[in-house]
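Student: Before I ask anything, here is the structure I am working with.
Each value in this text was obtained by applying a stated rule to the coordinates, not by laboratory testing. Because the structure is a prediction, the values reported are computed rather than measured. No Cβ is skipped: glycine too gets one built from the backbone with ideal geometry, and neighbour counts run over all protein chains shown.
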Amino acid sequence: MAALSKVALICVKTTAAAASRMTLVFQIRIHGRGGQGVVSAAEMLSIAAFNEGKHAQAFPSFGSERTGAPVVAYCRLDEREIRVREPIMHPDALIIQDPTLLHQVDVFAGLSPSAYILINTTRSFEELGVADFVRGFQPERLCTVPANELALKHVGRPVPSAALLGGFAALSGLVSLESVAQAIRSKFSGRLAEGNVAAAAAAFKHAQAN
Amino acid sequence: MLKQIEGSRAVAEAVALCRPEVICAYPISPQTHIVEALGEIVSSGRLAPCEFVNVESEFAAMSVAIGASAAGARAYTATASQGLLYMAEALFNASGLGLPIVMTVANRAIGAPINIWNDHTDTMSQRDCGWIQLFAENNQEALDLHVIAFRLAEELSLPVMVCMDGFILTHAYERVDVPDQAQVDAYLPPFNPRQILDPAEPVSIGAMVGPEAFMEVRYLAHAKQSQALSLIPRWAGAFRQAFGREAGGLARSYRTEEAETIVVALGSVLGTLKDTVDELRESGGRIGVLGVSCFRPWPFAAVREALAGAQRVVVVEKGMAVGVGGIVSNNVRTAISTRPIPVYDVVAGLGGRPITKASLAAVLQRAMTDDLELTTFLDLDRALVEKVLRKEREVRRSGPIAEQVLKLKG
Amino acid sequence: MTFQPVKFYQTGTFTVGNRLLPAETRSVQANMRRTNSLNSGHRACQGCGEALGARYAIDAAMHATENRLIAANATGCLEVFSTPYPETSWQIPWIHSLFGNAAAVATGIAAALKVKGRSDVRVIAQGGDGGTTDIGFACLSGMFERNDDVLYICYDNEAYMNTGVQRSSATPPAARTATTTLGNSFNQGKNLPWIAMAHGIPYVATATIAELRDLEAKVERAMHVRGARYLHIFVSCPLGWGHPADQSIRIARLAKETGLFPVFEAEHGEVTSVSKIRKKLPVTDYLKPQRRFAHLFSPEVRTDLIARIQEGADRNVRKFGLIEN
């Protein structure tokens, strides 16, 4: 889909929220499993937004989860200082790093039909069995990206987080691919960084074509 | 320089800029990222000379800091929760000896039942150990408070705890302005100790003091904390001048002009509270917030003054004295004891229970109409508690409490 | 002056006559310029082995470091009797923090000195057996494991004397204390010197207050080594053990001569030298003069328990090769 402007997104929110402080904030919830870089994804997204001059807040769901356990991380983006510390209960966007969570965890909790959903999968929403749930959603805000495959190709390991951020940049238009690349390079270095940047770029392309 | 970094990293950067000479490291969630980052900074050679000591317990961490500080080195450590309790004996010792150690506490609940998430039970349990306790509202303030803490500690020759909410701040990525070395150096002169272990001028530190002088020694500790009440605003002022932003101080008011209800709180919940109060103000509520930055010494006068116009006070706190109720609220009551206004106590966020704007707004609205019990537990599942209590009445061997609660919770 | 081999002891007294020695081999205690680091006037009991051991050890350490020494002290008799407010017996920079953290405090001091480039100033930590083998054990083990530049001295009087003679993990089998009124159990307790050796630290030694020159030599040796070092000094306690105050040194000597307290040195976990027993004595010679062992002899002689104690001594003799063959 075509990248939405930031202003457009902000307008969408204005109608939904009552208080003036809330109107600008954009909230993203990321679901995945321990070891998939869920927390890193939220952090890198916050760095990407920071690189564009935004205020951003990223935080994990604070578990003591081990590898493989369901993990949640959050990211808020705003034009002004973010003071609120509550977990994100009504996300504007959802990134699902592992589709096996769809039927295990209530990943869609608090989601409104105006939200964006990005899923790491080679399958479609129908094939994943969530077509009914997303029926009222805006189709251009639903997207899948084969992030594991892209990561395997470019990084050598199925680490989907960077690729998904590339996909998210394309889907939401909230951050540019350049900012995402910059954020990836601030977290990783050398070949690992470049592999992840390549995976993000590929995912960006994939999401745009989607 | 503006950076988008983790709270723990921001604190580590601040501590490194303060040029500590001895850092004692022992892992405990959610503090660990701080000492990890400092270890990395020391290994890189960026912070030198500095001894990074990997100790075998928090008790040892504080003890190594005591030795280092007594030998004239600027000493730092960080801990949380059980770790703070494990070093409790050494905490009293460090303050009793008057050693200006600075420590970060990444606030976390205390077990049993074991819980790694945030509340203030750990530092509240040590509120009377003689350390100065400063609470950070956000990561910028957490960073800034460390610079202030070293200045304050060394000026007074007293140890300072910088309390920041575990996970909520320590693990949050947000924008912070990291000062440069020259700025920090200008604010924080080299450590010039009041006492030092030096073969050229031998002193005995830590002698036994009997009834004939112990009262006087303890009184001096109290007097020093009182001195801190005037020094803290002074150093906060100097900080504002040097760095161009607010940090520390005793207490800060937010939208308390003509407020009938003032909400008092410490730490990161202040952010959520401010957003909530903004919304309540928009619907006409005359409500404001008082953020207490310095919990020890307790700023009687500043709190009294800030609450002077209020008709009621609500204290939202992440801890409690079991069998009593609120801790901060009791301190607030002593500050305004001459005024017969209700002080509502809202115990919230224990063991990491999210404190949401919705729940806060609901409880504050009730408080604003004086329709609230004196002590409330925010989002408490009362039905569940009743079930457990009923079972205990009915069955002798009712089993471990935590297990029952988890079972009933399903 | 030529060196004359001199027999240093006579029957009944092992006192060393320093004046019969060349000046350079005389003990630090015989030196007019000894520092009296733990000065007279303190509040220790008459005949206190710990006060004697501490003065011997610290004066020797001062001698070895040209008076550049800092001490961290655990809570206990030594701390209490040396610093009654507002006085102090310590002529050296000295800090008392807590009962269980002397080793860690010393680590902190050593770290501070390292940062400040004061490699000339050395650090010792000291405590009794309770502060070392029990409550301070974790900090001590941590200090050993990190190989911090600290000499830890344990003054072992085999019980918590400061609080009124209660059992510690260094209390020997059958000994009566206020918490082992029927006599301490067998096959328990810790051998701290062995545990120290198991850390592989550069230097471990044991000594008694009966052999001043041996003790001083070991302190001197320890102060010329960098890293973690451990010195375990056997110090008798007239009050806790129930022997006359003037017998402290004799009792300490008997502990060694019966084989109950092996005196040795070890480097990096290997025993490198052993003080031989000159004339092996039965353990009863050591047990009888002490009231803490009185129940072994009256109302009936507990030959069974005495035999087990003797077995322990004999095992030490074999284990360390305490007797010249």
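Student: Looking only at segment B:102-122, which residues are buried (at least 24 other Cβ atoms within 10 Å of the Cβ), assigned to a loop (DSSP other than H, G, I, E, B) and in contact with a Phe, Trp or Tyr (Cβ under 7 Å, 6 or more places away or on another chain)?
Tutor: B:Arg108, B:Ala109, B:Asn118
Student: Return the total of residues in segment A:160-180 being surrounded by fewer than 24 Cβ atoms within 10 Å (Cβ to Cβ) and of a type in the set (A, V, I, L, M).
Tutor: Qualifying residue count, segment A:160-180: 1.
Student: Considering only residues of segment B:320-357 that are of a type in the set (Lys, Arg) and more than 16 Å from B:Asn107 (Cβ to Cβ), which is nearest to the other protein chains (Cβ to nearest Cβ)?
Tutor: B:Lys357
Student: Are there any helices (runs of 4 or more DSSP H) wholly within segment B:1-85 with 2 or more residues that are away from chain C (no Cβ under 14 Å) and crowded, with 24+ Cβ neighbours inside 10 Å, and if so which?
Tutor: The qualifying helices (runs of 4 or more DSSP H) are B:7-17, B:32-43.
Student: Could you give me the residue pairs with C-beta distances under 9 Å whose first residue belongs to segment C:33-61 and is more than 16 Å from C:Pro93 (Cα to Cα) and touching a residue at least 60 places away in the same chain (Cβ under 8 Å), whose second residue is in a helix (DSSP H, G or I) and of a type in the set (Val, Ile, Thr) wherever it lies, and which are 6+ apart or on separate chains?
Tutor: C:Gly47/C:Ile249; C:Gly49/C:Ile249; C:Gly49/C:Ile251; C:Leu52/C:Ile249; C:Tyr56/C:Val28; C:Tyr56/C:Val219
Student: Just checking: which of the strands (runs of 3 or more DSSP E) contained wholly in segment B:205-294 hold 3 or more residues that are closer than 30 Å to B:Pro342 by Cβ and among the hydrophobic types (A, V, I, L, M, F, W, C)?
Tutor: B:261-265, B:287-292
To keep it simple, each residue is scored yes or no on (1) within 14 Å of chain B (Cβ to nearest Cβ); (2) more than 16 Å from the chain's Cα centre (by Cα).
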| site | (1), (2) |
| --- | --- |
| A:Phe59 | yes, no |
| A:Gly68 | no, yes |
| A:Asp78 | yes, no |
| A:Arg85 | yes, yes |
| A:Leu94 | no, no |
| A:Val107 | no, no |
| A:Pro113 | no, yes |
| A:Leu118 | no, no |
| A:Thr121 | no, no |
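Student: Among the residues of segment B:18-40, count how many are within 20 Å of C:Ala112 (Cβ to Cβ) and not hydroxyl-bearing (Ser, Thr, Tyr).
Tutor: So the count comes out to 11.
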